[in-house]
Amino acid sequence: MLRFMTLLVFLICVSPSQGFGATNSIRLLYPSFAGTWAVGWVAKEAGYFSQEGLDVELIRVGGSTRMVAAMLGGSAPIIQAGASAAIAATGAGSDVVIIAATGRVSPFRVMVRPEIKQPSDLKGKRAGITTFGSTSDQVVRIALKHFGLEPNKDVAILTFGAQPEAFAALQNGAVQIAALSYPLYPTAAKLGMRELVKFADLGFEDVNGTVITTRSFITQQRDTVVRFMRGFIRGMHRYRNDKEYSKRVLGKYGKITDDELLEGTWQDYAPTLQKIPHPSMKAIHFMIETQFKDKTPLPKPESFVDNSIVDQLERNGFIDSVYK
């Protein structure tokens, strides 16, 4: 009996349901193999999520709008997707909320086919994006307007589900313009495509690598969100400060063996990572003006963002401890 009671006490003490030893399995959706989304890969491969008691399954789902819908349908509690898709969903009445962003410098280049010698040549042509409401949709529309062209009037906009498919459409001539990030835009350049404009050069702040969840999930499982962000922030630090490790992870997930592409992907994005991953409220305000231009009064940027998780990790010294 004594031996039985000792065993029972031992089993209770080590039971996974007791908290510290528990492993919580969650899914993280991301839209493409672009370097923009590599923080989650680095955090996963380095074991930062598992050290927080999280078993994070990474799943690629092309198109930010599709990913937001998948999250709302229960496929995953946390996603990384374009901010514009989250803003559209919140504006439509959902409880989707942005909780973090890795950077404010847009990684997108607007690429055109060789026969497009000047912006006016795009009139009557077609643009390729991932999905309506996605970041690529926003980038293409802003670029077209910058050059005096009206989206869907002067230039038709077609959706292809994900960035690699939009790249393929540009390559085969199905579209004449597309917004691409590394490593797809240098690949397009090697195939003879031209860079029409680097989106960052237009002077707009962006919301990169956006981390998105729902207010209800934060309410129900705030500790899980906090632990996720702890692992994620450690991933941001490792991505920015350990180039060779990050390149190996980029190569694994993107199936890239070309060191020039891996180096370019890291150089294009890692140096822009923020220490404190707050989304740019200026960029979110711009997206609101674009998406809700006919709505009066305009929604406030704060209604689309919950900075409380990152603020908590900043106040308690966690972020500073990562960067020591």
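The values are calculated or read from the model by the stated rules, or taken from the named source; none is laboratory data. Keep in mind it's a predicted model, so treat the numbers as computed, not measured. We place every Cβ from the backbone using ideal geometry, glycine too, and count neighbours over all the protein chains shown.
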Given (1) part of a helix (DSSP H, G or I); (2) surrounded by fewer than 24 Cβ atoms within 10 Å (Cβ to Cβ), where does residue 67 come up short, assuming only one miss?
-> (2)
Counting only residues that are out of contact with any Gly (no Cβ under 9 Å at 6 or more places or on another chain) and touching a residue at least 24 places away in the same chain (Cβ under 8 Å), how many does segment 46-74 have?
-> 8
Can you pull out the residues in segment 213-228 that are over 19 Å from residue 70 (Cα atoms) and among the hydroxyl-bearing types (Ser, Thr, Tyr)?
-> 219, 224
For segment 1-53, which helices (runs of 4 or more DSSP H) that fit wholly inside it have 2 or more residues that are at pLDDT 85 or above?
-> 38-45, 48-51
Does segment 136-149 contain any residue that is under 19 Å from the mean Cα position of the chain (by Cα), of a type in the set (Phe, Trp, Tyr) and outside any helix (DSSP H, G or I)?
-> no
Among 162, 166, which is the only one that is in contact with a Phe, Trp or Tyr (Cβ under 9 Å, 6 or more places away or on another chain) and surrounded by 17 or more Cβ atoms within 10 Å (Cβ to Cβ)?
-> 166
Specify the residue that is farthest from residue 87 (Cα to Cα); the eligible residues are those in segment 263-288 that are of a type outside the set (A, V, I, L, M) and outside any helix (DSSP H, G or I).
-> 275
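Quick grid of which residues meet (1) within 25 Å of residue 255 (Cβ to Cβ); (2) among the basic types (Lys, Arg):
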| position | (1), (2) |
| --- | --- |
| 33 | yes, no |
| 66 | yes, yes |
| 71 | no, no |
| 82 | yes, no |
| 111 | yes, no |
| 123 | no, yes |
In the list 245, 239, 182, which residue meets the criterion of being among the hydroxyl-bearing types (Ser, Thr, Tyr), within 18 Å of the chain's Cα centre (by Cα) and either more than 24 Å from residue 109 (Cβ to Cβ) or not assigned by TED's automatic domain parsing to the domain that holds residue 318 (or both)?
-> 182
Scope segment 91-107; condition out of contact with any Gly (no Cβ under 9 Å at 6 or more places or on another chain), crowded, with 22+ Cβ neighbours inside 10 Å and modelled with pLDDT under 95; matching residues | 106
Report the residue count in segment 196-235 for those that are buried (at least 16 other Cβ atoms within 10 Å of the Cβ) and either assigned to a helix (DSSP H, G or I) or more than 14 Å from the chain's Cα centre (by Cα) (or both).
-> 22
Output for segment 98-112, where each listed residue is assigned to a strand (DSSP E or B) and touching a helix residue (DSSP H, G or I) at 6+ places or on another chain (Cβ under 6 Å) = 98, 99, 100, 103, 109, 110, 111
Would you say residue 324 is in contact (Cβ under 8 Å) with a residue 12 or more places away in the chain, in a loop (DSSP other than H, G, I, E, B) and either under 17 Å from residue 96 (Cα atoms) or charged (D, E, K, R) (or both)?
-> no
Test each condition in (1) within 23 Å of residue 123 (Cα to Cα); (2) free of Cβ contacts under 8 Å to residues at least 12 places away in the same chain for residue 169 and report the one that comes out false.
-> (2)
The one condition residue 206 fails out of (1) within 28 Å of residue 76 (Cβ to Cβ); (2) in contact with a Leu (Cβ under 6 Å, 6 or more places away or on another chain) is (2)
So residue 116, is it β-branched (Val, Ile, Thr), part of a strand (DSSP E or B) and outside the structural domain of residue 258 (by TED's automatic domain parsing) | no
If you check residue 109 against the conditions, is it touching a Phe, Trp or Tyr at 6+ places or on another chain (Cβ under 8 Å), among the basic types (Lys, Arg) and either within 17 Å of residue 164 (Cα to Cα) or in the same structural domain as residue 314 (by TED's automatic domain parsing) (or both)?
-> yes
